[in-house]
1. Put a dot 7 Å past each Cα toward the Cβ at Ile397 and Asn214; how far apart are the dots in nm?
2. If I model a spin label as a point 7 Å beyond the Cα along the Cα-Cβ vector, how far apart are those points for Ile351 and Val255 in nm?
3. What is the distance in Å between the Cα centroid of region 206-266 and that of region 331-363?
4. Does region 274-326 come out rounded, prolate or oblate, given a ≥ b ≥ c as the square roots of the eigenvalues of its C-alpha gyration tensor, rounded meaning a/c under 1.5 and, failing that, prolate meaning a/b above b/c?
5. How far is the Cα center of region 386-400 from the Cα center of region 284-327, in Å?
6. Quick one: grab the alpha carbon gyration tensor of region 133-226, order the square roots of its eigenvalues as a ≥ b ≥ c, and give me rounded if a/c is under 1.5, else prolate or oblate depending on whether a/b is larger than b/c.
7. Does region 275-398 come out rounded, prolate or oblate by the C-alpha gyration tensor, with a ≥ b ≥ c the root eigenvalues, rounded set by a/c under 1.5 and, if not, prolate when a/b is larger than b/c and oblate if not?
8. Considering only Cα-Cα distances, which of the following residue pairs are longer than 20 Å: Lys267/Lys295; Lys204/Lys242; Lys118/Lys295; Lys204/Lys373; Lys343/Lys366; Lys198/Lys343?
Amino acid sequence: MSRCCPCPCASPSSTTGPFLLVSIPAASSRSGGGGSAVGRSRLRWGGGPRRGHATVAAGSKDDGSGTAEGEKGEDDAPAFNPFGFVTDNPSSRSAIQLPAVPAEDGNVGQMLYRIEDKGREYGSYVRAGEFRWFVRETGSPDARRGTIVFLHGAPSQSFSYRVVMAQMADAGYHCYAPDWIGFGFSEMPQPGYGFDFKEDEFHKAFDDLLGTLNITEPFFLVVQGFLVGSYGLTWTLNNSSKVLKLAILNSPLTVSSPVPGLFQQLKWPLFGEFTCQNAVLAERFIEAGSAYMLKLEKADVYRLPYLSSGAPGFALLEAARKIDFQDVLSRISAGFSSNGWEKPILLAWGISDKYLPLSIAEEFKKANPSVVKLEAIEGAGHMPQEDWPEKVVKALISFL
């Protein structure tokens, strides 16, 4: 994976508990020109800065010799860093504070105190059935254009839709975006005690939520992402009468869709248990699928559930081990083909997605060309609603 920062990462000086605390200067971040800074204030990975702007690593100086000050040659290369899985991520480096005296500052508790109130825009808690959901809501129940429900994928959360749903509310829609059970700020049930993180359980929990929210009329559905995102699509196939139109942002749609290494690693005994407790897992997955790095204040929110407790990691672990990707993708591919689906579908596809290339969307469209509209979103990666929310809003308004 390419790096955003040309200088080598500093080695960790100490650890506290299960989380690494490193004394490293924060990675730089800036806003691109034009439009809202909310969705685009990032740095491009590997491929150079966006829109022709040059960048120089923080703390370095170009003296005209072609070598940045402090740059190390092969003989001065840093020693092997066993914690590189944490420190080689730009947003993680900027978030993990390492003081000279670790006992005095920089512990996980202080990190949590700094970010614990972030990321709950438009949200409140709703009890539906046996579980407590965190649900974001914008717009009015009397909105003239109808209701939209936004469903996220793993290992993300509804926070990714905050800008899109705010702008869709301004356009006259009533919007909901829940965190799936076991994700984000929703309840984290212990596996084996009333919830086993299986597909049919997610479906039932979602049905209960719709009832509690009093969504009784057909609505617009927007789905994105892996695993629970796929469950949103299989729910749609089982409840086609409840959906007016379906919009799909980058999601696995065909049996040829590649499965990212994260979900394969989670299935491995012991290694999966270790992987799921990586506090920067979510932000790393998001950044690895995009052309940009997350700004610190956004990375904080995606990191927060995994810092707060081990439960979100174990929920992700159980869900990843219970899903049969090939079976689910086979049903999605067949169910939305010309023989099984007649309602309009929009594919709003970030073409810089490192996980799911545009060819996946094109293959899906060929199976039902009369109802599937494909709109490529330039500059967006795996989560276009986070990378370029304005472009997603434009595509949705035109489609809905």
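The values are calculated or read from the model by the stated rules, or taken from the named source; none is laboratory data. Because the structure is predicted, anything quoted here is derived from the model rather than measured. Cβ: placed from backbone, ideal geometry, glycine included. Neighbour counts: every protein chain shown. With ligands, DNA and RNA removed, areas are computed over all heavy atoms of the protein, side chains included. Shrake-Rupley method; radii C 1.70, N 1.55, O 1.52, S 1.80 Å.
1. Going by the 7 Å Cα→Cβ label model, 2.8 nm.
2. 2.9
3. Taking the Cα centre of each part, region 206-266 and region 331-363 sit 12 Å apart.
4. oblate
5. Cα centres, region 386-400 to region 284-327: 24 Å.
6. It comes out prolate by the Cα gyration axes.
7. oblate
8. Table pairs above 20 Å Cα-Cα are Lys267/Lys295; Lys204/Lys373; Lys198/Lys343.
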